[in-house]
Amino acid sequence: MTFAHPLFLWGALAALIPLLVHLFDRRRAKPVRFGAIDFVLRSQKRTASRLRLRRLLLYALRTLLLLALPIALARPEFRAQGALTASEGPQATAVVVDLSRSMRFRDGETDADTAKKDARQAISGLLPEEPVSVVPCDGRGARTGALTFDHRAAMKQVEELQPSLQRADLTSCLEAAAKVLADSPLPGKRLVVASDFAAHGLRLDGAAPAVTGPKGEAIRPQVVLLDAARSHPVRPNRALLDFKAEPATQVGPRAWAFTFTVKNFSAAPVENLELRLEVDGQVVAKGFVEVPAQGTAQKVLSHRFEQGGLSVVKGSIAPDALPEDDARTVLVQVPKLLKVLLVNGAPSPQKYRDEAFFVEAALVGGSSPVEAVTRDADAAWKEDLSGYDVVFLMNVEAPPQPAAQALTTFVTKGGGLFISLGDRVEPDAYNAALGPLLPRPLRIFKTAVEQKDTEAQVRAARLSQLLTEHPVLAPFTGAAREGLLAARFFRYALLEARPAGAADDTQVLAALDDGAPLLAAARRGLGRVLLDTSTVDRDGTDFPVRTAFLPIIQRTALWLGGALGERVQLTAQVGESLVLPLVPGQPAASMSSPSGAPVPLSPRADGAVSAGPFTETGPFLAKDASGATLPGLSVAVVVEPSESDLTRVEGEVLNRWFGEESVQRVDEATGEKRQTPLWSYLLLVAALAFIAEGLLLAPSRAPRRASAVRP
């Protein structure tokens, strides 16, 4: 028997009140002389027994009333002996409490709270000679403790458990619990499981966990299943499975497009589901999406940033009973306004013949975040390159040694360099002056066909290979690819082949049909170099008048300036650790979580740093020794998507897996363990006693005979 409010039992002392009243109210009869004593004596004999019985009944009813009320207020419940105790004797018990993210589902209270309550009740019902071990299952690996007879300490341990944000492997936790039971000398073994029994946590393709006996035999333990989701067995859920960000230069400078991927884990469609886009804590856009039953939908929301820098962008959907999977965060490094120096190697008063005409027109378009300054070669070599992000050399003669050294320093410190060729470029001189910067040395120029030839359009070289995985060419897939393939190239430079066995970090982004590279990229120090082996005017190609020229030039400038970084957004799942990439000159000195707590950083032998484990979702910002944020080393932490599917394993399937003969479950109809609530019966008894007392105290309504006393 258990009591929900045991302090009310002190009220049972009130049952002594009728006895005390009876004792203190006893009066002794005083002799009184009366003439008709014989008549009185005869009357007393007839009524004495009836009055005595009435007093006893009143005393019993009042005592029962004052005893039943406080005991009923203490709310006793009688649990059938043997609900957790086998008839064979005491059993060693392991209590597994599921604390995975799906246990955060709430309908009034969370499933985790229900599981903890059930686990405490199970422990309280154990016999004193039955040892117990609590096994929390929260995705951080099975943390088992030794069996103990201190049931109070075990219940306190259960009370302190908290659900995690991770995916938990319930099968592994059951196996760990079975190993704990194997350490007990008691022959009886019991496994108590408090969980929502979501399908993602159980691996039913293998055998159920069993206890290894002293001779190595497999012993199937008694299994008690405590269903934490009994009050809401059907649990619909919707989740934001993915949230991606990419530049949207077609919208405008510093514009980004954010793609929401929403999954509906229910049998009913969701209409007008609200999407919210937040930038640095401010809602900047909203949208609505319809998601079919058990289906997926996508929606794109765009935002144009007012200024450059690192921004924390959060995408979310309208919250439901499991809000932990309704939002995701990405870190967006918005490019600042790029300053580009255009070095014109062949100026001309006729704009369409000017070397920089087409490039300048492309870079100063309304959607380009570029501020371009055009100089001829003599003026350009006098510029302070540290004030620019990117330098374009267009058909420029080989620079003098001081200028070449300045360009080398500019690139190795993080600047971007674009080189296009023409009739003023001499390969040997370029190799001598800019050899350390070139992706590969120049060899000779090749003329595929004279541009004035009548068959020039047929015999000209065309593009045949495109590296569309590179940020510069990423948009040119599908039909957009035709805009590049339509271009004709009449004259271009050939590059030296890579020496056999030599390291080469050159990427060929585009190659012509004869195999000659057209666009070749390489990293030099912290900077980037892109070489165009043809021209950016119409002397060697018709590409400048093709529709693909403008986006190619814009994306080239953005990539060289670091605005279209090749770096993939660093992401991790809750509970994971991550090795931060090595970025020269940018070592991570610290990292903070969204709540402000420091994140452990562990140096590695290769010089890299391991961060984590991550215990929250959201942005984890890395900082250098001066406290400046390092966007390339910051991490967006998300939840594991499989925990969003709350589909449960059917009871019959669980019974067969564990073994029909060894499984005890909660009551299938009510979801509660079979218990008898004695307090309700006590209230009924108190009410009946009160009514009976009233009937005994009521004056008798039976008619009385009038008798005449004769003198």
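Hey, any hits in the range 214-227 for a residue that's in contact (Cβ under 8 Å) with a residue 40 or more places away in the chain, under 25 Å from the mean Cα position of the chain (by Cα) and outside the structural domain of Ser184 (by TED's automatic domain parsing)? Scanning the range 214-227, I find no residue that is in contact (Cβ under 8 Å) with a residue 40 or more places away in the chain, under 25 Å from the mean Cα position of the chain (by Cα) and outside the structural domain of Ser184 (by TED's automatic domain parsing), so the answer is no. Select from the range 262-282 the residues that are of a type outside the set (A, V, I, L, M, F, W, C) and within 16 Å of Ala321 (Cβ to Cβ) and write down the one among them that is nearest to the chain's Cα centre (by Cα). Checking each candidate, the answer is Lys263. Considering every residue within the range 273-282, establish whether at least one is surrounded by fewer than 16 Cβ atoms within 10 Å (Cβ to Cβ), out of contact with any strand residue (DSSP E or B) (no Cβ under 9 Å at 6 or more places or on another chain) and under 29 Å from Gln333 (Cβ atoms). Looking for residues that are surrounded by fewer than 16 Cβ atoms within 10 Å (Cβ to Cβ), out of contact with any strand residue (DSSP E or B) (no Cβ under 9 Å at 6 or more places or on another chain) and under 29 Å from Gln333 (Cβ atoms), one finds at least one in the range 273-282, hence yes. The set of residues in the range 123-134 that are among the hydrophobic types (A, V, I, L, M, F, W, C) and either surrounded by fewer than 23 Cβ atoms within 10 Å (Cβ to Cβ) or in contact with a His (Cβ under 8 Å, 6 or more places away or on another chain) (or both) comprises Ile123, Leu126, Leu127, Val132.
Restricting attention to the range 393-416, the residues that are out of contact with any Ser or Thr (no Cβ under 7 Å at 6 or more places or on another chain), surrounded by fewer than 24 Cβ atoms within 10 Å (Cβ to Cβ) and within 23 Å of Pro544 (Cα to Cα) add up to 1. Does Asp227 satisfy being under 30 Å from Asp113 (Cα atoms) and charged (D, E, K, R)? Yes, satisfied. Against the list (1) more than 29 Å from Gln573 (Cα to Cα); (2) assigned to a loop (DSSP other than H, G, I, E, B); (3) free of Cβ contacts under 8 Å to residues at least 40 places away in the same chain, the condition Met155 fails is (2).
If only one of Ser124, Ser195, Ser184 is within 19 Å of Phe105 (Cα to Cα) and of a type in the set (Ser, Thr, Tyr), which one is it?
Working: Ser124 fails: within 19 Å of Phe105 (Cα to Cα); Ser184 fails: within 19 Å of Phe105 (Cα to Cα).
Sole residue among the options that is within 19 Å of Phe105 (Cα to Cα) and of a type in the set (Ser, Thr, Tyr): Ser195.
Within the range 217-224, the presence of at least one residue that is assigned to a loop (DSSP other than H, G, I, E, B) and charged (D, E, K, R) is confirmed. When the range 514-524 is filtered for residues that are surrounded by fewer than 21 Cβ atoms within 10 Å (Cβ to Cβ), over 16 Å from Trp559 (Cβ atoms) and not charged (D, E, K, R), the ones remaining, listed by number, are Gly515, Ala516.
Looking only at the range 210-251, how many residues end up being under 30 Å from Gly188 (Cα atoms) and modelled with pLDDT of 90 or more?
Looking only at that region, the number is 10.
Being within 49 Å of the chain's Cα centre (by Cα) and without any contact (Cβ under 8 Å) to a residue 12 or more places away in the chain holds for only one residue in Asp384, Asp378, and it is Asp384. For the condition free of Cβ contacts under 8 Å to residues at least 40 places away in the same chain, more than 22 Å from the chain's Cα centre (by Cα), surrounded by fewer than 17 Cβ atoms within 10 Å (Cβ to Cβ) and within 25 Å of Ser311 (Cα to Cα), Ala285 qualifies.
With modelled with pLDDT of 75 or more, aliphatic (A, V, I, L, M) and not assigned by TED's automatic domain parsing to the domain that holds Val663 as the only criterion, which of Leu51, Leu41, Leu58, Leu67 stands out?
Values: Leu51 fails: modelled with pLDDT of 75 or more; Leu41 fails: modelled with pLDDT of 75 or more; Leu58 fails: modelled with pLDDT of 75 or more.
Step by step, each of Leu51, Leu41, Leu58, Leu67 is checked, and only Leu67 is modelled with pLDDT of 75 or more, aliphatic (A, V, I, L, M) and not assigned by TED's automatic domain parsing to the domain that holds Val663.
It is to be established whether one or more residues within the range 151-171 are over 22 Å from the mean Cα position of the chain (by Cα) and within 24 Å of Thr647 (Cβ to Cβ). Even if it seems obvious, please write down each step before you answer.
Within the range 151-171, the subset over 22 Å from the mean Cα position of the chain (by Cα) is 151-160.
From what's left, within 24 Å of Thr647 (Cβ to Cβ): none.
No, the range 151-171 contains no residue that is over 22 Å from the mean Cα position of the chain (by Cα) and within 24 Å of Thr647 (Cβ to Cβ).
Which of the residues belonging to the range 327-359 are part of a loop (DSSP other than H, G, I, E, B) and crowded, with 20+ Cβ neighbours inside 10 Å? Passing the criteria: Pro335, Gly345, Ala346, Glu355, Ala356.
Those residues that are among the basic types (Lys, Arg) and part of a strand (DSSP E or B), I need them from the range 512-561; list them, please. Show your work before the answer.
Here is the first cut: in the range 512-561, the residues among the basic types (Lys, Arg) are 523-524, 528, 538, 546, 555.
Passing the criteria: Arg523, Arg524, Arg528.
The conditions of being modelled with pLDDT of 90 or more and either within 43 Å of the chain's Cα centre (by Cα) or of a type in the set (D, E, K, R) (or both) are met by Ala321.
State yes or no: is Arg481 in a strand (DSSP E or B), in contact (Cβ under 8 Å) with a residue 12 or more places away in the chain and of a type in the set (D, E, K, R)? Considered against the rule, which asks whether it is in a strand (DSSP E or B), in contact (Cβ under 8 Å) with a residue 12 or more places away in the chain and of a type in the set (D, E, K, R), Arg481 comes out as no.
A single entry from Pro436, Pro471, Pro427 fulfils the requirement of being in contact with a helix residue (DSSP H, G or I) (Cβ under 8 Å, 6 or more places away or on another chain) and over 25 Å from Thr547 (Cα atoms): Pro436.
May I ask you to verify whether Pro475 is within 26 Å of Gly562 (Cβ to Cβ), touching a residue at least 24 places away in the same chain (Cβ under 8 Å) and not polar (S, T, N, Q)? Walk me through how you get there before you give the answer.
Working: within 26 Å of Gly562 (Cβ to Cβ): yes; touching a residue at least 24 places away in the same chain (Cβ under 8 Å): yes; not polar (S, T, N, Q): yes.
Yes; evaluated as a whole, the condition is true for this residue.
Residue-wise test of (1) within 30 Å of Thr556 (Cβ to Cβ); (2) of a type in the set (A, V, I, L, M); (3) not assigned by TED's automatic domain parsing to the domain that holds Leu322.
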site: Arg167; (1), (2), (3): no, no, yes
site: Val193; (1), (2), (3): no, yes, yes
site: Ala199; (1), (2), (3): no, yes, yes
site: Ala207; (1), (2), (3): no, yes, yes
site: Thr212; (1), (2), (3): no, no, yes
site: Ala248; (1), (2), (3): yes, yes, no
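Scanning the range 469-511 for residues that are of a type in the set (A, V, I, L, M) and over 46 Å from the mean Cα position of the chain (by Cα) yields Ala487, Ala493, Leu494, Leu495, Ala497, Ala500.
The values are calculated or read from the model by the stated rules, or taken from the named source; none is laboratory data. The structure presented is a predicted model; accordingly, all values stated were derived computationally and were not measured. Ideal geometry is used to build each Cβ from the backbone, glycine not excepted, and the neighbour counts take in all protein chains shown.
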